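These notes are about the structure you will find just below.
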Amino acid sequence: MSNSSNSSCNTNRIPKIFKVDMDGNLYCHHDIRAVIRVAGRRSVRCGAEFYGCSQWPRDDCKFFMWKRDFDKLFEVHSTCSSSAVTRSDAMTGNEYNLQLRNNLLSQENNMLKRQICAKEFMLKQQFLFSLFVIIAMLFYIVYRI
């Protein structure tokens, strides 16, 4: 079951692909269970827990997800034992995963819309400033003569 997620407050967010099993265990890109680590003193989130690849730093997986973000995604998800999963339970799980993915994509879409609006605002400001400078230069040239 692959899902996408948002990372912390990076402005150029790329949806992360990750795998979660029926027991709620998170897996890195190597298909190995991710481990919980604690952010160090140099981090803005000093002391905050995050998931990372168990083979870090000796491998190039670079899997990273804040534990708080992961917990928010799955707080309404009730886990069930994999031995008692029936076909209807699996369908319910698939429906839930589709709904979760839809929610994640909606959040990502809203974030991208906000970024577009911010860029458009900056471009409008730059255009208006340039227009003001051009008009000021024209007035200077016209009234100088």
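Each value in this text was obtained by applying a stated rule to the coordinates, not by laboratory testing. On a predicted model such as this, the values are computed, not experimentally measured, just so you know. Quick reminder, even Gly has a Cβ in these numbers, built from the backbone with ideal geometry, and neighbours come from all protein chains shown.
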Check: Could you give the nm distance between label points at Lys119 and Val142, where each point is 7 Å from its Cα heading toward the beta carbon?
Finding: 3.6
Note to self: Under 24 Å between alpha carbons, and skipping anything fewer than 8 positions from Lys113 in its own chain: which lysines qualify?
What the structure shows: Lys16, Lys72, Lys124
Checklist line | Förster-model FRET efficiency, 30 Å R0, Gln107 and Phe129, C-beta, rounded to 0.05 | finding: 0.35
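Sort Tyr27, Tyr143, Tyr96, Tyr51 by Cβ crowding within 10 Å, fewest neighbours at the top.
Values: Tyr27 18, Tyr143 7, Tyr96 14, Tyr51 21.
The order, fewest Cβ neighbours first, is Tyr143, Tyr96, Tyr27, Tyr51.
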